[in-house]
Amino acid sequence: MLGTTDCRTVLEIGPALGFVTSLLVNVGYEVTTLDRAPRSFAYPDVPHLERDICELRCDEIPGYDAILCCETLEHIEWERVGSILAKFRESGAKNLIVSVPYMGFQVFFEVYANSSTLRQYFSMKKLLWRKQFRPEPAGGHQWEVGYKGYPLGLWEKRLSDSGWSVVRREFTEHCRSVFHLLKAE
């Protein structure tokens, strides 16, 4: 998704073990990472900001073409996510890429066959839109799109209410996450 934009500078929120960071650097992006903890990997040419995104001010992250925030926002209480998205918008970033877990209704069937093996895979995610999400202890998932009270449409409304417009939406294979490419309105 990032490759479809004209972005060069990227703020990566929650870099974890640095896999995405290394991919971004290797294709030529100027990357800065941000996490509430010290970085757990060595990458001397990539600056790191040690901040909690719940406490972050927009003037602490100015000047990035894009913010990449994947599999992070679901760890924050639903009521606080809108203000974080608005801070990202107020920072002046032109683009935002977010991904969150998606547990919507899905059916998947696959057959793989050759002369020596036959494998079948069938998956059907339950009707979670009827099931209440149970927040995990502090630091764990506080919500997920697809559960009762968190439909995809409400998530996209939260994104647009924060000053972003959806350019593109994609689901991962065997859909576990939904990604959005957003542009500043």
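The values are calculated or read from the model by the stated rules, or taken from the named source; none is laboratory data. Values in this document were obtained by computation on a predicted structure and should not be read as measured data. Note: ideal-geometry Cβ built from the backbone for every residue, glycine included; neighbour counts use all protein chains shown.
Structure above, values below:
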| read-out | value |
| --- | --- |
| Single residue of segment 153-185 satisfying the filter (at pLDDT below 95, outside any strand (DSSP E or B) and under 15 Å from the mean Cα position of the chain (by Cα)) that is nearest to residue 78 (Cα to Cα) | 176 |
| Among (1) modelled with pLDDT under 85; (2) among the hydroxyl-bearing types (Ser, Thr, Tyr); (3) closer than 30 Å to residue 64 by Cβ, the one test that residue 102 misses | (1) |
| Elements of type strands (runs of 3 or more DSSP E) in segment 1-105, at least 2 residues being crowded, with 21+ Cβ neighbours inside 10 Å and within 16 Å of the chain's Cα centre (by Cα) | 9-13, 30-35, 66-70, 95-101 |
| Every residue from segment 52-97 that is basic (Lys, Arg) and farther than 19 Å from residue 24 by Cβ | 57, 80, 87, 89 |
| Answer from 80, 8, 36 - the residue that is among the charged types (D, E, K, R) and in contact with a Phe, Trp or Tyr (Cβ under 8 Å, 6 or more places away or on another chain) | 8 |
| Residue count, segment 166-184 (criterion: farther than 13 Å from residue 2 by Cα and surrounded by 13 or more Cβ atoms within 10 Å (Cβ to Cβ)) | 6 |
